[in-house]
Amino acid sequence: MREGSGSDKLPPGLYVVATPIGNLGDLSPRAENMLGRCDLLACEDTRVTGKLLERFAVSAKMLSYREENERALANTLADKIAAGGAIALVSDAGTPTVSDPGFRVIRECRRRNLPVYPVPGPSAAIAALSASGLPTNAFLFLGFPPPRSAARKNLLRTWKEFAGTVIFYESCHRIIPFVSEALEELGADRTVALGRELTKLHENWYVGQLAAVAENLAQGQARGEYVFLVAPAGFFL
Ligand code: SAM
């Protein structure tokens, strides 16, 4: 794609732009440039994206595109692209559509054969995997586990024998129960990594066998955002 540079108008299309998961230094120069050159910026929360734009002194017309209205807006956004518009899609943090809204508008563009371009950058899953020390040759991303304990245990049982690293997202409200369910289902010896607040001031890691990781986690207070990674059975650091 010839996207030009500087302040030229962007060619029509949907630009799927990754933004930082914490450290603002992780916004790529290309992403910054796209945000400033699009005709419309579809974002989850205009206040969150507004702060990012302010920090980079970029101005853009914003439209809130969230889980609740994404079905209705997918067609409208695709219409704008068909009429020659360049729309940038961002989420509050990380890569749009990865446990975040955006899938429906991308699918609509693909159905209509409209151009969709990735502007890659941070994603918590890949950031965590890359620094975990767990196998990276094969991995499975399962996003947020379901809210009910029985369903979470069932999910853990289903993927227990997967021959690669399994990656989950979890919030501070559920990480302690989820790790203790993993201990129950996968056993004390399973190697895991838990990355918290990656790229932020209070980033920290628990890496080792499940029994020790669960015990360490239970000793502190769960705060912030977590990525939980489970190594294949039989893998030890
Ligand atoms: N689209 C984002 C991405 O590409 O990573 C993920 C959005 S999802 C709504 C938010 C979840 O991602 C959090 O609950 C947490 O599990 C994970 N996450 C996001 N930022 C993180 C960070 N800095 N450290 C650890 N986990 C993070």
Those residues of the stretch 102-143 that are within 16 Å of the ligand (Cβ to nearest atom) and under 27 Å from residue 75 (Cα atoms) come to a total of 11
How many of the residues in the stretch 186-216 are outside any helix (DSSP H, G or I), of a type in the set (A, V, I, L, M, F, W, C) and open to solvent by 30 Å² or more (accessible area, probe 1.4 Å)? 4
Answer yes or no: is there a residue in the stretch 187-199 that is free of Cβ contacts under 8 Å to residues at least 40 places away in the same chain, within 20 Å of the chain's Cα centre (by Cα) and closer than 19 Å to residue 22 by Cβ. yes
Count of residues meeting criterion [surrounded by 14 or more Cβ atoms within 10 Å (Cβ to Cβ) and either modelled with pLDDT under 95 or farther than 23 Å from residue 202 by Cβ (or both)] in the stretch 21-48: 17
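Identify, please: which residue in the stretch 76-108 is of a type in the set (Ser, Thr, Tyr) and part of a loop (DSSP other than H, G, I, E, B) and is, among those, least open to solvent (accessible area, probe 1.4 Å)? Explain how you work it out, then say what you get.
Keep residues of the stretch 76-108 that are of a type in the set (Ser, Thr, Tyr), which gives 76, 91, 95, 97, 99.
Remaining after also requiring part of a loop (DSSP other than H, G, I, E, B): 91, 95, 97, 99.
Details: 91: 2, 95: 37, 97: 57, 99: 49 Å².
Across the stretch 76-108, the extreme among qualifying residues is 91.
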Of the residues that sit in the stretch 217-236 and are open to solvent by 50 Å² or more (accessible area, probe 1.4 Å) and at pLDDT 95 or above, which one is farthest from residue 153 (Cα to Cα)? 236
If residue 138 satisfies every condition in (1) of a type in the set (A, V, I, L, M, F, W, C); (2) under 27 Å from residue 184 (Cα atoms); (3) crowded, with 19+ Cβ neighbours inside 10 Å but one, which is the exception? (3)
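So which residues in the stretch 18-38 are of a type in the set (A, V, I, L, M, F, W, C), closer than 21 Å to residue 227 by Cβ and not in a loop (DSSP other than H, G, I, E, B), if there are any at all?
Here is the first cut: in the stretch 18-38, the ones of a type in the set (A, V, I, L, M, F, W, C) are 18, 21, 24, 27, 31, 34-35, 38.
Next, from what is left, pick out any that are closer than 21 Å to residue 227 by Cβ: 18, 21, 24, 27.
Answer for the stretch 18-38, where residues must be of a type in the set (A, V, I, L, M, F, W, C), closer than 21 Å to residue 227 by Cβ and not in a loop (DSSP other than H, G, I, E, B): just 24.
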Among the candidates 114, 73, which residue alone is more than 14 Å from the chain's Cα centre (by Cα), in a loop (DSSP other than H, G, I, E, B) and assigned by TED's automatic domain parsing to the domain that holds residue 52? 114
Residue within the stretch 157-176 that is within 16 Å of the ligand (Cβ to nearest atom), aliphatic (A, V, I, L, M), open to solvent by 10 Å² or more (accessible area, probe 1.4 Å) and more than 25 Å from residue 122 (Cα to Cα) present: yes
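The values are calculated or read from the model by the stated rules, or taken from the named source; none is laboratory data. Just so it is clear, the structure is predicted and the values come from calculations on it, not from any experiment. Because the Cβ atoms are built from the backbone with ideal geometry, glycine has one as well, and the counts that use them run over all protein chains shown. To get the accessible areas, we keep the full protein, side chains included, count just its heavy atoms, and leave off ligands, DNA and RNA. Shrake-Rupley method; radii C 1.70, N 1.55, O 1.52, S 1.80 Å.
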